[in-house]
Structures are given as structure tokens and as C-alpha cells.
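What follows is calculated from the coordinates using simple rules that are stated; it is not laboratory data. Model, not experiment: these values are computed from the prediction. Cβ coordinates were reconstructed from backbone atoms using ideal geometry, including for glycine residues, and neighbour counts include every protein chain displayed.
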Amino acid sequence: MKKFSLVMIFVLLIGMLAACTPAAEKPADQPVAETPAPEKPAADAPTAEKPLRVAMVFNTTIKDGGYAQFGYEALMALKEKYNLEVSYQESVGDATIKDVLRSYAADGYDLVYAHELYFTEAVNEVAPEFPDVKFGVTGYMASSPNVIALDATNWQGVYLAGVVAGMMTKSNKIAMVTVSQSPIALTMVNAMYMGALTHNPNVQILHLFTGSFDDVVKAKEMATAAIKDGADIVYANAGLGTVGAIEAAKEHNTYAIGSSSDRSSLAPDLVLTSNILDSGRYITIAVEGLINGDLEWGKVYVLGVKEGVEYLAPFNNAVPQDVKDAVQQATQDMIDGKVPTPPSDKYMWE
Amino acid sequence: MSELTTPNALSIPIKDRVLQFARNNMGIVSTLISIFAIILALFIGGILIALAGINPWEAVTYLIKGSFGNRYGFGETLTRFVPLLFSSLSFAIAHKSGFFNVGAEGQLLMGAVGGVLVGAYVTGLNPVLHVILCILSGVLFGAIWAGIAGLLKIFLGADELINTMMLNYVALLLVDFLIQGPLKSPDSYLFVSATILPSAKLPIILSKTPLHLGFIISLVVTAAVFYLVYRTPIGFQMRTVGANRKAASYAGINIVWATIIALITTGGLAGMGGALELMGAQFKIVNGFSAGYGYDGIGVAVMGRYNPIGIILATLLFAVIRVGMGAMQRGAGVPFPLLNVIQGLIIVFVIASGYLTNKLSETVIGGRA
């Protein structure tokens with residue numbers, strides 16, 4: 001035992017010597033080089049004035065293949081386009097978001113964007129402490145003059161999907177799988193109904209909700225039940241459950257419409273289209289608004305088809321031209337403001 | 001001929017000289033070993049960072065700069081320090097009393113619930129009184145939560161490791177339920193609890209940072225707790241029960257009483273950490289209120305060898321890691337998963353160094369330090 005310990009001590013001492021050399025160098029030259037040059041701007045300085053510094057915060061990983069990833073990719077595209085200095089932090093919890101926002105703001109970033117609904121209150125709490133910094137959030141509240149809140153309508157894209165579903169259904173029954181019966185979900189169901197009604201007065205919606213954002217199996221079972229019940233179009237907007245519902249449609253050779261992102265790869269012949277919520281548009285709108293000065297800070301913007309946040313993915317070959325034309329028309333109607341907001345408190349057909 | 005009678009330093013075998021040095025300077029040696037472990041972990045982490053295509057010096061610079069190098073980061077580090085210190089104290093006191101409490105996470109959450117109940121719903125109090133009541137309520141809730149597992153152990157012999165761990169999940173889901181239902185803030189769109197009143201908020205002690213009064217409270221409480229354990233009769237009883245229940249019983253110590261005091265202390269400390277985090281930093285319970293402080297506290301206590309100075313230093317290290325990791329991501333663009341790897345490396349190395357120090361002290365002293 002003694003020998004063993006001595007060997008360990010020896011290993012430690014040798015290792016310590018080895019590790020000490022680089023560690024001693026670091027404090028000597030690093031801070032000097034670090035303080036005057038916040039890395040990138042030095043190279044860019046001659047070309048233009050100081051580049052805009054934009055920071056973005058995500059609550060999940062940026063590789064989520066959806067919401068956060070779109071935002072991250074948009075940020076990188078903006079970086080190239082406008083020569084921004086960007087930084088981001090991912091997987092930030094609700095408990096630490098305020099510290100992250102303050103760190104960025106204290107670091108002198110021009111725009112700090114929180115890409116998550118649940119960060120809304122934190123952004124509004126931190127923003128008044130840094131009046132010179134602009135804050136953005138994908139949320140529903142902007143209580144300080146340096147905050148902008150960008151939100152999706154969450155129904156305009158569904159309305160377009162409803163137009164497609166209403167025209168494509170033969171049994172006049174459309175299955176709709178969502179997560180809950182919340183006001184947002186009810187708005188979506190009613191938007192689907194309104195869209196379908198435009199070209200099909202006899203349409204019926206079978207609304208099913210899974211109660212969970214990640215219950216793939218339940219979504220699949222529910223979609224299967226609806227198909228057995230006569231539905232011949234499945235529209236799925238149920239988080240991860242969307243995949244399950246489309247899977248059910250695939251097994252029963254039924255048309256499906258996806259949501260959030262383009263789901264055609266799941267069943268290329270059967271997924272007619274997907275109503276896309278392009279979460280990358282938020283940061284783009286915020287940054288371009290800051291550069292062009294055409295956004296009013298201290299306001300909540302609810303964005304939809306007109307602003308390019310919501311739209312339909314490319315149609316598959318099963319969709320005939322007249323449906324495409326109808327969607328075109330519906331899009332134009334919505335941009336012109338002819339489509340009223342659907343009710344959020346009850347089913348329209350009740 | 002004279003060499004035989006008066007051996008000079010050179011003639012002593014090298015092995016004995018090393019041992020002698022180690023014996024005389026055990027404190028310094030063990031500190032050096034810990035520091036070396038951290039450096040080694042950072043060194044390996046640096047290699048990983050370099051493999052990911054990022055300049056490791058830049059990343060390490062941000063780790064230091066982010067947690068100490070600027071005013072805000074410094075304040076943030078000391079703010080993270082508070083709940084970590086309480087949860088590690090909680091684990092350490094339980095350990096001293098022969099009680100394995102891995103439920104600090106749940107007790108901390110319940111402490112925050114206690115804080116919200118008094119902080120948000122009791123109105124019209126003087127700020128000093130309100131803050132004190134809030135903290136006491138947090139202590140009470142934490143103590144009750146630990147008490148459930150403790151009473152099960154005392155009266156039914158149920159294993160407290162399982163019970164405290166399972167109660168973490170109960171607490172987590174209970175808090176989820178509370179912030180979605182009874183405690184939900186009526187004027188928020190999200191599932192968060194009501195915000196505590198301004199009179200229950202702790203004052204900031206360093207302007208332009210989040211550092212709040214809880215930091216000073218935490219240091220005072222640490223001193224008080226170790227005074228209780230090492231300098232009072234009940235502390236002696238707690239430690240004796242912890243060392244050997246049967247011997248303690250034979251010596252006439254009231255085991256139930258000592259265990260109950262230990263329970264109140266351990267649960268109360270975690271609950272107090274939750275209440276202070278609520279009153280100083282977050283002001284309301286959000287989803288994921290405790291970012292794993294209860295679990296990190298176990299590592300901190302082990303790393304700090306259950307002694308006050310060690311725990312304070314280890315807590316500081318964990319807080320620096322927590323804050324610095326964010327800065328590494330923001331400044332140098334180190335990917336988040338890699339940060340978790342480096343954090344794991346530091347913990348593994350430091351705990352391994354603790355083992356090494358124990359072995360070393362067994363060798364040179366013939367017992368544990």
C-alpha cells in the first residue's frame with residue numbers, strides 16, 4: 001500500500017510539473033492581448049463603423065431540428081449578410097435566464113434576443129435596468145420602451161392548411177391532432193374549420209388532443225381512431241406527436257398535413273403540405289428592424305402570413321392546381337386583412 | 001565514524017524525506033493536490049476544446065473572466081454560491097449525523113414554496129420582519145420535507161437514501177402542480193408562481209450585480225452550523241450518533257432527539273437555501289427553479305471533505321464553473337454538450353484527488369486527515 005501511494009505521489013508531481021508550464025504562461029500574456037481587442041471587430045473595423053453586436057438565447061439545444069435551430073440558422077445568415085458580431089447561449093433554463101440576459105447586456109451587446117415564450121417576463125424584468133440595450137423576445141409582452149415582443153398568430157398558417165384539407169377531403173371529415181384544448185389550440189381548430197369551409201360547406205372537424213408535447217404513441221393512436229372513424233385527412237400539430245399522427249396516416253394510406261416544419265420526408269406521397277412556422281423570421285425581423293429603424297420598440301408584434309412567419313411548405317404531387325390557386329387566393333385575402341381572427345373560447349360549429 | 005551517530009539530512013533515504021515533508025505539511029499538500037486536479041481537468045478539457053476547433057486558451061480565459069474578471073460575473077458567481085452552499089451544508093450535516101440526505105433538491109424547492117407563501121401572500125409587514133418570516137417559513141418547509149424521510153427512518157427503519165431521493169420527485173411535481181394551479185400568478189400568461197412582495201426581497205449588496213444579502217447570511221449560517229456541530233453538546237451527540245448509533249445509545253444519548261435535531265438542521269438548511277434564492281435572485285418559482293443545486297451540493301460536500309473551509313472553497317469552485325461555463329459558451333462559442341463534459345471532468349478529478357489525499361494521509365500519518 002505504501003509503495004502504491006508513493007507511486008501515485010510521484011505521478012502527481014510529474015504531472016504537476018508538466019501542467020504548470022502552460023498554466024504559468026497564460027496569465028502573463030493573455031489579459032494584455034484580451035482587453036483592448038474583443039476579437040472580431042479588429043479585422044472589420046476598417047471596412048465600416050463598429051459592427052452591430054447581437055446575442056441570442058435559446059432554452060433548448062440549437063440542434064433541435066425545429067424551433068431553436070431555425071432561429072440559430074437565421075442568426076448565422078444575418079451574421080454573414082450584415083457582418084454582425086454574434087454570440088449565443090443554448091440550453092438556458094428558466095432559473096438562469098435573467099443572469100444570461102444581464103451578462104449580455106452588461107457586455108455591451110446592441111440587441112439581446114430571447115428566443116422563447118417562457119423568457120418573456122424575464123426580458124421585461126431585466127430590460128429597464130439597461131435602457132441603452134435593445135431586447136427582443138418571442139413572446140407576448142413588451143412593457144419597457146427598449147423591448148420588442150414578436151409573436152406568431154398561430155392560426156393563419158392553419159387556415160391555409162384548412163383550405164387544402166377542405167378541398168382535398170372526400171369524406172368531409174378532417175382529423176386534427178393537437179396537444180391541448182387551450183385557447184391557442186381552439187383558435188387553430190377554428191382556423192382550420194374556417195379555411196376548410198371556404199370551399200367545402202359540409203366539412204367536419206374531429207378534434208383530438210394528446211395532453212403532451214412529446215407523446216408520439218398517443219398521437220398515433222388518436223389519429224388511427226379518427227381515420228377508422230372516417231377521416232381522410234389528418235392534420236397534426238402536437239409537438240413530437242406530429243410524427244406519430246403522420247405515421248398513423250402512412251399506415252392507413254391517408255393524406256396528412258404536417259406542421260411547424262416541412263414534414264414531407266416522413267411520407268412523401270401522403271403529406272400534402274405542412275404549415276410552417278418559421279421561427280427564424282423573428283430574429284431576422286428584429287435585427288433588420290434595428291438596422292433599418294423601422295420597428296417600434298416597446299410594442300408587441302403579432303406576425304403571420306403577411307410577414308412571412310407562417311406559410312405552407314411546397315405541395316406534393318397529389319395536390320391539384322385549383323387547390324394551389326385557392327391557397328394563393330386565401331393568402332392574398334389574409335394579407336389584405338379580409339380574414340377575421342377565429343374565436344378562441346369555443347368550437348365555431350357549436 | 002561520526003556519520004553513524006549524527007546522520008545529516010542527506011543521508012536520510014529520499015523516501016523518508018518525502019514522507020516527512022508530507023507529514024509536516026499535510027494541509028498544503030492536500031490543497032496542492034486539489035488545485036492540480038482542477039488544472040489537469042482543465043488541461044484535458046482544453047484538449048477536447050482544441051479538438052472542437054476552438055482556441056482553448058481563449059475558452060479558459062473566458063471561464064476566468066466570466067466568473068471573476070468583471071463586476072457582473074463576480075456578483076453572479078457569488079449569487080450562485082448561496083444555494084449551492086446551503087445544499088452542500090445540508091448534505092454535510094446529514095452525513096455527520098449518520099443520515100444520508102440526497103433530498104436537498106426537494107427540500108430546497110419546498111423551502112422556496114414556503115418562501116412564496118409568506119413572501120407573496122402575507123401583506124403589510126415591515127421589510128425586516130417579512131424577510132425573517134420568509135426565511136423561517138422556508139426553513140420550516142425544508143425541515144418538514146426532510147422530516148418525512150427522517151421519521152420514516154426513526155420509526156419504521158425505512159431507508160432514508162431512497163426516501164429522500166424519491167421525495168425529490170414528489171417535490172418537483174408538487175411544485176409543478178402548485179405553479180400551474182393554486183400558486184399560479186393570476187396576471188401571468190405562463191405557469192409561474194406569484195411574485196413575492198417588495199418587502200420580502202433581499203437587498204442587493206453590490207450594485208450593478210445580482211449579489212444579494214443572502215451571501216452574507218449564508219456565511220454566517222455556515223459558521224453557526226459548524227459551531228452547533230463541533231462546539232455544543234447536541235452537536236457532539238449528533239456526531240456520536242453519526243459515528244456509531246449503538247455506541248451512542250449505550251452512552252446514554254437520546255438517539256431520537258439527536259436525529260430529530262439533525263433532521264431539522266439538514267432539511268432546514270436546504271429549505272433556507274431555496275428561500276434565499278427565491279428572495280434574492282428569482283422572486284418567483286419558475287419551472288426548473290433549482291438548477292440542480294441539490295445534487296451539486298452532494299459533490300460539493302464530498303469535495304469539501306465535510307469541513308467548513310473546504311465546503312466554502314468547493315462551493316466557490318462549483319459556482320465559478322457554473323458561471324464560467326456560460327461565459328465560455330457566450331464568448332468563445334464552446335458547444336454546450338462539451339461544457340458538460342468539462343464540468344464532469346473537473347468533478348471526477350477533484351473527487352479522485354480527495355481519494356488520493358486520504359490514501360496519502362493514511363500512509364504518512366497512519367489515519368485520515
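Points worth noting:
- Pairs of Lys in the stretch B:81-300 closer than 21 Å at Cα, counting only those 8 or more apart or on different chains: 7
- Proximal aspartates and glutamates to residue A:98, defined as alpha-carbon separation beneath 12 angstrom and excluding residues fewer than eight positions away on the same chain: A:121, A:125, A:129, B:76
- Label zone at residue B:257, where the point sits 7 Å out along the Cα-to-Cβ direction: the stretch B:67-111 residues whose backbone N lies under 20 Å: B:97-99
- Placing unit charges on the Cβ atoms only, positive for Lys and Arg and negative for Asp and Glu, gives the stretch B:81-300 a dipole magnitude near 460 debye about its Cα centre.
- Span-like helix ranges in chain A, DSSP H, alpha carbon extent 24 angstrom or more, Kyte mean at least -0.5: A:2-34
- Residue A:213/residue B:177 FRET efficiency (R0 22 Å; Cβ-Cβ; nearest 0.05): 0.80
- Helical runs assigned H by DSSP (4 residues or longer) give chain B a calculated mean residue ellipticity at 222 nm of -24000 deg cm²/dmol, each run adding -39500 (n - 2.57) before division by the residue total.
- The gain in end-to-end length when the residue B:362 to residue B:159 segment is fully stretched comes to 70.0 nm, 0.36 nm per residue minus the alpha carbon separation.
- Alpha carbon centroid spacing (whole Å) that separates the stretch B:20-97 from the stretch A:60-136: 27
- With 20 Å bins from 0: P(r) over the protein assembly as shown, alpha-carbon pairs, percent: 15, 40, 32, 11, 2, 0
- By the rule of a C-alpha distance below 16 Å, with chain neighbours fewer than 8 residues away ignored, the aspartates and glutamates paired with residue A:220 are A:229, A:232, A:247, A:251.
- Fully extended contour minus Cα-Cα distance, from residue A:325 to residue A:288, at 0.36 nm per residue: 10.2 nm
- Gyration tensor (alpha-carbon) shape descriptor, the stretch B:89-243, a/c threshold 1.5: oblate
- With a cut-off of 13 Å between beta carbons, the residues surrounding residue A:168 carry a summed charge of +1, where Lys and Arg count +1 and Asp and Glu -1.
- Alpha-carbon centroids, the stretch A:298-312 and the stretch B:164-237: separation in whole Å: 40
- Its relative contact order, with pairs defined as Cα atoms under 8 Å and 6+ residues apart, puts chain A at 16 percent.
- In this label model, residue B:55 and residue B:340 are separated by 2.9 nm, measuring between points 7 Å along each Cα→Cβ vector.
- What the Cβ-Cβ distance of residue A:302 and residue A:202 gives, at R0 = 22 Å and to the nearest 0.05, is a FRET efficiency of 0.10.
- Sorted fewest first by neighbouring Cβ atoms within 10 angstrom, A:322, A:232 come out as A:322, A:232.
- Label-to-label distance, residue B:166 versus residue B:48, with points set 7 angstrom from Cα along the beta-carbon direction: 3.4 nm.
- Residues A:208, B:109, sorted so that the one with the fewest Cβ neighbours within 10 Å comes first: A:208, B:109
- Inter-label distance, residue B:208 to residue B:246: 6.3 nm, where each label sits 7 Å from its Cα along the C-beta direction.
- Per residue of B:330-339, other chain Cβ atoms within 10 Å of the residue Cβ number 4 on average.
- Only helices reaching 30 angstrom along their own axis (Cα) with mean Kyte-Doolittle hydropathy no lower than 0.0 count here, and for the DSSP H runs of chain B these are B:26-51, B:71-96, B:127-156, B:255-277, B:336-364.
- Hits among aspartates and glutamates - C-alpha to C-alpha of residue A:306 under 14 Å, sequence gap 8 or more where chains match: A:151, A:278, A:333, A:336
- Among A:80, A:221, A:307, sorting on how many other beta-carbon atoms sit within 10 Å of each Cβ, with the fewest leading, yields A:80, A:221, A:307.
- Contour excess over end-to-end distance, with Cα ends at residue A:172 and residue A:60 and 0.36 nm allotted per residue: 36.4 nm
- Computed FRET value (nearest 0.05) for residue B:70 with residue A:316, which takes r as the C-beta separation and R₀ as 56 Å: 0.55
- Counting DSSP beta bridges with both ends in the protein assembly as shown, the antiparallel % (nearest 5): 10
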